[in-house]
Each structure stands twice: as C-alpha cells, then as structure tokens.
1. Provide the per-residue ³J(HN,Hα) series for the range 133-147, in order, calculated from phi with Karplus coefficients 6.51, -1.76, 1.60 and θ = phi - 60°, each as a whole number of Hz, with x at glycine and proline positions.
2. Kyte-Doolittle mean at least -1.0 and Cα extent at least 30 Å along the axis: which DSSP H helices of the chain qualify?
3. For the chain, what is the convex hull volume of the alpha-carbon atoms per residue, in Å³?
4. Work out how much length residue 22 to residue 55 would gain on full extension: take 0.36 nm times their residue separation and subtract the Cα-Cα distance, in nm to one decimal.
5. For the chain, the longest stretch holding no chymotrypsin sites (Phe, Trp or Tyr not before Pro) located in a DSSP loop with at most 13 other Cβ atoms within 10 Å is which?
6. Counting only helical runs of four or more DSSP H residues, what would the 222 nm mean residue ellipticity of the chain come to if each run contributes -39,500 (n - 2.57) and the total is spread over all its residues?
7. Show me the trypsin sites (Lys or Arg not before Pro) within the range 288-325 that DSSP assigns to loop and that have at most 16 other Cβ atoms within 10 Å of their Cβ.
8. For the pairs 83/418; 49/374; 313/418, note any where the Cα-Cα span goes beyond 27 Å.
Amino acid sequence: MSNERIDALRKAVDTNPDDVLLRLVLAESLVTAEQVEEALDQYVVLLDKDGLPEDQFVPVGELAAANGRLALLRSLLETARQKGVVEGTGRLQQLVDTMISERSGVKIKVGPEEQTPFEADTLKETTTFDQVGGMEEIKRVIHRMVILPLSRPELYEKYGRKSGGGVLLYGPPGCGKTLLARATAGECGLPFINVRIEDVMDPYMGVSERNLHAVFERARANSPCVLFLDELDALAFARHKHGGSEARRLVDVLLQELDAIGSDNDGLLVLAATNAPWDVDEAMLRPGRFDRVIFVPPPDEPARADILSVLVKDVPATGLDLKALAGQTPMFSGADLRALIERGVDRVIDEALANGGEPPLGMHHLADVLGAVKPSTLDWLHRARSYIEFANQSERYDDVAAYLKSRDVRRRLNRDSKS
Ligand SMILES: Nc1ncnc2c1ncn2[C@@H]1O[C@H](COP(=O)(O)OP(=O)(O)OP(=O)(O)O)[C@@H](O)[C@H]1O
Ligand SMILES: [Mg+2]
C-alpha cells in the first residue's frame, strides 16, 4: 500500500478512533509496509478497545515478540486468558517466557510446561499427578475409574465389571480440568491427544462430521491412548437436537464413535471437559458414553498451597509463606494462582532490570500484586447456582450443590451478589 493511502487511513482513524475495523485495516497495512512499530502501537489500542479478533492474537503476539514488545505480549496473553481463548494461549505463554528469560538472562519457569497438542501425538504424555496440586479426592476417583481398569483389566473381568465408557470433567474455568486429563494420560503412560473445538468445526456441509470421525480414526491408530475432547458442550450442544439437522448430525457421529468404544475402540480412553455440562446433549451422558461425570471445583485452601508449591518449584524464591498466601486467595482457580505468581515474577524481573543481580521472589512481591488478581471462578459459581435452583436438575449436580452449600462458598457468593 502506498504511503498516501496509509496517510489517509491514519486520518480516518484519527477522526473515528472507535472504529476498530478501520484501525485493524490500518494496523495490517502498516505491517505490510514494514512500519512495524507503529503497527504494534495500533494493536495496543485495538486490544484495549477489545477490537482484536481472536485469531489475530498469536500472529500479533509473534510480531510483538520479534520486536521486543513485552508489555503488548503480556496483555495479549492476559486478554486471551480472560476471554478463555484456548487456542494460542499456550503459544503466547511460551513467547512471554522466552522473552523474559532472554532479557533477564535468568531461566524462570512457572509450573509444568504447556505442550502444544498434536505435536506430541504418539509420544507418551509426561505430565503426572505430581504436577497437579490438591484434588486428592478427584485423583483417587480417577485412579479407581480410569487407571485401575486399564492396568488391572483381569480384576474387572473377574467381577464382570465393564471398564468402558468415558469420563466427563466439568467445573469453572482454570481449575485444572485440562491439566488433570493430561496427567491422567501421563499416569497411564499413554499418549494424549487433545481435540479442540476449532480442530473439528467447519462451516462447510459435512466437514465437521468428517473431521470428528478422523479424530477418532487417528486416536485408534495411536491406541492405546487418551483422547481428550475439550469443550464438549460445543461439540455436543443440547439444543442441536432440536435445531438444524446439520448440527444434529455432529452429535450423532459423536454418539456412534462413543458407542464403538469397548467393541473396536479397545485401548482408547475418552475424556472430555466442559464449563457448561447443562448444555451437553443428554444422550451423551447415557451408560457406556460419558457416564462418569466429575465435578472439578475451585481448589480449597490446602489445595491452593499445594498448587502454589507446584507453581514456584522452579522459581528462585526466598521466605515464601505459601500457607498464608493460600489463605489470602479464596476462590482463586489454579490459573488465577498462576497469574498471581507470574505477576510477582514480573516484579522481580523489573527489579533485576533496574538494579541488576538476580533477586529472589519474596512475599513482598506477591503482596504487591495480590490486589490486581481477582478470582475468576465466581461468575461460574453464580451461574451454576441459578441453574441448579431453577432447572430442578440437582440430582446430577449433587456435588456442585453440596459445594455451593458449604459455608465459606455461600458467604462469598452472597457477598459478591450484593456488591
Ligand atoms: N491443580 C492445579 N495444579 C497446578 N496448576 C494448576 C492446577 N489447576 C490449574 N492450574 C494451572 O492453571 C492452568 C489452567 O488450568 P487448566 O487449563 O487445566 O484449567 P481448565 O479447568 O481446563 O480451564 P478451562 O475450563 O478454561 O479449559 C494450568 O495450565 C496450570 O498452570
Ligand atoms: Mg481446559
């Protein structure tokens, strides 16, 4: 694009500062014209105005990283997390980590490494339960429901107990569903295939069904392995049943594939996760399909201390009182705790850049940033509460109901509704 046209675009953006589409065109033209710094400035504004399309997060992140724009990169990551943009969050995290360690010369790793899906397809998953903080009860349940039947099939045969069927994990965002699924594969010593909604959905007639079938084919080819369907509600949306036949067919394909498990899907363990179990088609939850449904609640206080210790394991630190910190972070999800530690580490890095040396992470760094990180589980819990109250489906969600009735949670939610 010629300089005149870019000038004209600049003027247009100046007069219509809230027109994000126009600004997006300007930013893209600037990139093409290799005026990258200015382009990145425009992306900062776009992000601020919530005008950056989600599929642009990673490309803009790469550009920001290549040009040393850490602040932009961090806001991209944070926004992606808040919006729940799963695709690319891992990549953005990687970019931030690399940039930080390059800058400070200090190698800092927070928590277990994120892995990109598909890459590690046929490799055995290396995440284990050790890397999942807290959740002792859930780990036990998974051990009994999933790991034991796989490792001791003869025991189950003897008692005539079928070990087939999938497990559906549900709960508020960021509380470790995906991590837990991965670790389950790791505990079984199996490869982990992570299927996300973007890998399947396609606007063209019939393509989504074919994609979904291909996913199961690939899993079968790699079996024994764990196939993980993230965002099951989107794949198997209940209202599809009454909606268009196109969407209905996708649910049918999924049902067929699940029903084949146990007959010819041997060695294929299917796990799924959702934030919205009430949106999952009922047919999905029948025996032999996702008949084991596990609530993954926000971590309680000891679990938070445990998660924090996992998160700071490789961070140079001194005098951290993780118990105290766990007490100060009620209703924080694992992801919120991770954000807290990352912000603390950012403080340390700022300090290292300003004064040199390699200062360790201390309580004062974390105290400084504690006010800036808010628990992200409350919205979900409010929604779950009204669902359970009004939809009269409490039986299936007994675990959630019990959790919501516990004193601390009730108080916290009531306080939250009033404010
Ligand atoms: N129990 C935990 N132990 C250690 N880290 C945790 C734990 N729970 C969450 N985290 C951290 O939070 C991040 C987000 O967790 P994860 O992606 O598993 O959540 P999720 O429940 O799948 O969320 P979503 O519903 O948004 O998909 C993890 O990558 C990990 O860093
Ligand atoms: Mg997840």
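Each value in this text was obtained by applying a stated rule to the coordinates, not by laboratory testing. Only a predicted model underlies this, so the values are computations on that prediction, with no experimental measurement involved. Backbone-built Cβ (ideal geometry, glycine too); neighbour counts: all protein chains shown.
1. Along the range 133-147, the couplings run x, x, 6, 4, 4, 5, 4, 4, 4, 5, 4, 6, 7, 10, 6 Hz.
2. What comes out of the filter, once short or polar helices are dropped, is 334-355.
3. 180
4. 10.1 nm
5. The reported range is 205-419.
6. -16500 deg cm²/dmol
7. Qualifying residues, ordered by number: 313.
8. 313/418
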